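Notes to accompany the following structure.
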Amino acid sequence: MSLEIVPGAGIQTWKMNFAPVNQLNAATLPVLAQAVSKAAEDQSVAAVVLTSASRVFSAGADASEMARMAAEHGAGAGLVDQFNRTMDTFRELCIAIRRSPFLVIAALNGHTLGGGLELAAACDLRFAADSDKVQIGVPEMDLFGAMPSGGGGAQFLARLMGPSRALLFILDAKPIAPKAAYAAGLVDRLCAPEALLNEAEGFASAVAKKAGRVGVVAAKSAVLGGAELPLFDALHYDHAIHWDCMRRGNFVDGVANFVKRFGSKA
């Protein structure tokens, strides 16, 4: 069980290798949380690509761990309480990803199901392998009669798809292919399977180079944070972020380069 962290120029690539299906449990969640925390402390990291070292991005909850919980606590309130403790850890991870001071791109190279989709939905962008063999979905309603919200999935999905489409998706509980996920707003970019990681890393590298951490945080805060506010509150919030980014980010160097390239042609 491991999380391979591959450094690059301003970016990191995280490859989940939690055999057999990148399950999210009491052992794997802290590994991801620690990676988020360490990357947040490293000012050079402006973007992270989260992907899988196997053919499954993540199948979500760990069936073996749930079986152990059921054997230990029975099928009553004790089981629910124990499971909720793990899910509280998962929710904190998803919140940390969304609030992280760097861009997080989920590169979905295989099945992305249940908690795996919640994890991907908590990321800022989702690139997916354009293959009909890949399934993306939240089967919790079929399996447990419950909504996918251990990691806050119902909220992330509603914001990506819109409330009514997310509700239908959750209640239907049937997985869809990446093309349908793209049409529904779950996926932001489709890539040829063999090019997925290169495209995700290339986008992350380009953003890191031109924006740096300051620019990334500003854009992420203005778009994702501002979208949760009433319009005129969001405009004031946007103004504050914009000017702070111009003062601390790459704007001055950008102006110098812009003038050098185009100023003589004006």
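Checking every residue in the stretch 133-152 against the condition of being at pLDDT below 95 and basic (Lys, Arg) gives zero matches. Between 195, 204, 227, the distinction of being surrounded by 17 or more Cβ atoms within 10 Å (Cβ to Cβ) and not charged (D, E, K, R) belongs to 204 only.
With the requirement that a residue be modelled with pLDDT of 95 or more, assigned to a loop (DSSP other than H, G, I, E, B) and touching a helix residue (DSSP H, G or I) at 6+ places or on another chain (Cβ under 6 Å), what does the stretch 10-29 give you? Across the stretch 10-29, the qualifying residues are 10, 18. Scanning the stretch 3-17 for residues that are surrounded by 12 or more Cβ atoms within 10 Å (Cβ to Cβ) and touching a residue at least 40 places away in the same chain (Cβ under 8 Å) returns 8, 10, 11, 13, 16.
Restricting attention to the stretch 111-133, which residues are crowded, with 24+ Cβ neighbours inside 10 Å and part of a loop (DSSP other than H, G, I, E, B)? Of everything in the stretch 111-133, just one residue is crowded, with 24+ Cβ neighbours inside 10 Å and part of a loop (DSSP other than H, G, I, E, B), namely 114. Of the residues examined, residue 214 is not one that is buried (at least 21 other Cβ atoms within 10 Å of the Cβ) and not aromatic (Phe, Trp, Tyr). Residue check: residue 137 meets all listed conditions (1) among the small types (Gly, Ala, Ser); (2) over 15 Å from residue 111 (Cβ atoms); (3) in contact with a helix residue (DSSP H, G or I) (Cβ under 9 Å, 6 or more places away or on another chain); (4) without any contact (Cβ under 8 Å) to a residue 40 or more places away in the chain but one, namely (2).
If the condition is being modelled with pLDDT of 95 or more, among the hydrophobic types (A, V, I, L, M, F, W, C) and in a strand (DSSP E or B), then the stretch 48-63 contributes 48, 49, 50, 56, 57.
The values are calculated or read from the model by the stated rules, or taken from the named source; none is laboratory data. In this text the structure is predicted, and so the values were computed from the model without any measurement. In this analysis, Cβ positions are derived from the backbone assuming ideal geometry, glycine residues included, and neighbour counts consider all displayed protein chains.
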